[in-house]
Every structure is written in C-alpha cells, then in structure tokens.
Amino acid sequence: AAPPAAPPAAPALAPAAVLAGVEAAEAAEPPYTFADANALESMEGVTIVKTVEQARRVLAVLESLPDAYHACDTEVADIDLSAVGPVGNGEVTCVSIYSGPDVDFGDGPGTALWIENDGESRGLLDEFKAWFEDPRYKKVWHNYGFDRHVMYNEGVDVQGFGGDTMHMARLWNTGRDKGGGGYSLEALTEDLLGRRKVPMKEIFGVAKLKKDGTPGSLKVVPPVRDLQFRPEHRRKWIKYSAYDAEGTWLLRDKLEGLLRQMSWEPVGRPQEEEHTMWDFYQMYYVPFGELLTDMERNGIHVEAETYLAEVQVTAEADRKKALRTFRDWAASVNPNGRFINPASSTQLQTFFFGGAKRHTKNPREAPEYLEAERIFETELDEELEAYLEEQEAREAAHEAELAASGGV
C-alpha cells in the first residue's frame, strides 16, 4: 500500500530570536499552542474560513446580498513596496470581508469574514474567484490600486468596483495632504469615525536586536507569515485584518453621507434637478478608478535597454544646449549672469525679482522688499568651466573676425 500523503508544508517562519522583545500586551494573550492556529474556528466579531466547506457556506450568504456593499482587504507576503509595485509581486495570505452590521455568516450578525489563503489553506481563495469577478456584487476597498493587483496575482480579476474610500476622501476634502491628516485608513478612521486603525508597528512591533544580542529601541514588524501563523501573534493578526475591512465599510458609509451633503451643478444638465458630489463620484470616479487599475496592470511598453539609452544621450545634449542659451542671455542682462546656478531658487529669485515688493498676509504691515543685489559663492564645476572656456573661445573668434574685416 502507498504511504499516506504528507500534509502541506507549513510556511517558513523567521527565527524565534527575531521576535525577542515582544510587547507586554502580546505576552498577555492567552497561551495556546501552534496546533491551536489550525484548531481556531471563530473569534468574537470574526468568522474564520479555512476549509472548502466553510468557504461554500459563507459564499451562499455573500451571493444572497447583491445590493450590499462589501468592504474587502488583503494581507500580502513576499513583497517589498520600497523596491517593487504590486503588479506581479506578492502573495495574498488572507482576505477580510465585512458586509455590514446586519449580515450573519453563521456566528451572529455583524461579523467580518477572515479567509485564510496560506499554509494548509493555500488556494482557498479560488473558491471565491467567481464572486470576486461577478460585477453584480459591489466591493469596496481602501487603495484599490494595490488590492486589485495582488488579487490578480492570485488569478482573481476583481470586478464589481463599488468604491475606494481613499478616492472618496480626496473628493470630500482635497486639503488633507498638507497638515490635514492625510488619506491613510489610520488617519481617516480616527478623524471621521473616532475608531483609529492601529498601525502594524504599534501592535506587532518587536525590538530589533543590537549586535550584542540585546533588544534595541528601534521596533520592526515580523514577516507577514510569522504574524499569521505564530501563536503569539495569530489572534491579534486576525483581528487586525478584520478590523481593516470593518473600518473601510464604516468609512465608506460615512463618506457617502458627507458627499451627499455637497451640491454639484453639472454642466448641460437641468438645473431643477438636485445633484450631489455622491452622484459625481458614482458617475465619474468609480469608472475612472477601475480604468486606472487596468492601465497600471497593462503598463506602458518601453524599450529600456535600447531606446531609453539613446534618448538619454539626446536629452543630456539638449539640456546642455538649453543651459548655454540661458547663460548667454543672462550674461547679456548682467555680465555676472554667466555664473548663475539655474538649480538655485535663491539665485534665480534675486536675478529675476531682486528689489521687488514681497507679498504679505497682512496688508497693514510695513512693505518688505527682496534684496536687489546679493553675492553668491559659485562652485566652478566641470560644466561651468567648459561653458566659460567655450565663451572665451567664441569671444576670441569674434574679435579675430572683426580684426580681419577691419572692424573696430
């Protein structure tokens, strides 16, 4: 008889030493063994899905809700966003879905789905492929441009785009970038819902070890698979993932209300009809948001090894020519203009606007004027030295031409 098939290999985890210095809050979690990671079936506020049977049971509920908004969120391993983008990079280890406070997936109303897609449950996302690709079901995301791409990496082409809370927030308030809190899920849930999404580093951050092996002050987040499978992290990891989906759902609902309070007067439409920015969002932003992710996925083909190298040579030559033309003109205005550094905003300000009146916020204040003249130390780099030598050669050639023609 053939030997029994070996169970799927457990995901590789980082050395335990990396996890030294776990916060006291982590250590206070009820102790449970690694086997409990697979035995854990449900948690308060979360319906855990790890098997095909569980997937098909909750799918029946999802498929019965074509009019609901379903907030979705992914967690991804094997990706370094500082070096690469999500198109073609990263593996989805779990997906969270929250469909509203009245939806019951079997553990009572208002729970979030947490779908495992790694370890022994690797590939379970395939059971939800048809639902995610069905445009009848409205899925909502925060930063759709990331989640749609990583889902596509798993063979799931998400359709039924119901909105992106980041896009909605930008439409509601375009001034949050500069000192306004920004558009992260953390900032928006805190400002609009009063229930801040706690960042990963605060929950899972562990002290980075010094060279002598003692914990340092710098905190790092363990790899995603460590968070998902190590017993000391798993409960909080599931709650963290589900909390993101629930926060996105609540945020979408809040932002819809805010956009409905903002009037919109579309050009070419009857003015007697009332329109709001929510109408504008659905009419333009939703299809545009879908289009943007299509464009990102397709990309723009560029011949990097041949064409870009040729264009770089041309661009550098054009730049030198433009810089020479500018310095020639600047020298015609002021002989010292030939020494100007066009990359210095201070030098350019003095050259173009020296002596001009400054604009002040308070018109009652005494007027201020920019300095009419300033002295700058100029570094004689190779580019400037070459320009000066070329200018001297041109002047010498011009003088020789005049002398030959009998000019003065």
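The values are calculated or read from the model by the stated rules, or taken from the named source; none is laboratory data. The shown structure was predicted, so the numbers you read here are calculated from the model rather than taken from an experiment. When we count neighbours, we look across all protein chains shown, and the Cβ atoms used for this are built from the backbone with ideal geometry, even at glycine. Surface areas here come from the heavy atoms of the whole protein model, side chains and all, with no ligands, DNA or RNA. Shrake-Rupley method; radii C 1.70, N 1.55, O 1.52, S 1.80 Å.
From the convex hull of the Cα coordinates of region 34-298, what is the mean projected area in square nanometres?
Working: hull surface 67.1 nm².
For region 34-298, the mean projected area of the Cα convex hull comes to 16.8 nm².
In the structure shown, the pairs 178/236; 201/254; 129/219 are assessed against 29 Å; a Cα-Cα span above that value is assigned to 178/236; 129/219. Entry note, the chain: the mean residue ellipticity at 222 nm calculated from DSSP H runs of n ≥ 4, each adding -39500 (n - 2.57), is -12000 deg cm²/dmol after division by the residues and rounding to the nearest 500. Other residues whose C-beta falls under 9 angstrom from the C-beta of residue 220 contribute a net charge of +3, scoring Lys and Arg +1 and Asp and Glu -1. Averaged per residue, the chain has 58 square angstrom of accessible surface, using a 1.4 angstrom probe with ligands and nucleic acids left out.
Take the Cβ atoms of residue 65 and residue 298, set R0 to 25 Å, and the FRET efficiency comes out at 0.20. Once the Cα atoms of helix 286-298 and of the chain are each reduced to a long axis, what angle between those two axes, in degrees from 0 to 90 to the nearest 10, is obtained? Compared with the principal axis, the helix lies near 80 degrees. Entry note: region 330-372 has Rg to Rh equal to 1.12, where both radii use alpha-carbon atoms and Rh is the Kirkwood radius. Taking the protein heavy atoms of region 34-298 in the context of the full set of protein chains, the accessible area attributed to carbon and sulfur is 50 percent at 1.4 Å. A cut-off of 5 Å between modelled amide H atoms, ignoring neighbours fewer than 5 places along the same chain, links residue 94 with 75, 117. Computed from Cα positions, the angle between helix 307-333 and the longest principal axis of the chain comes to roughly 40 degrees.
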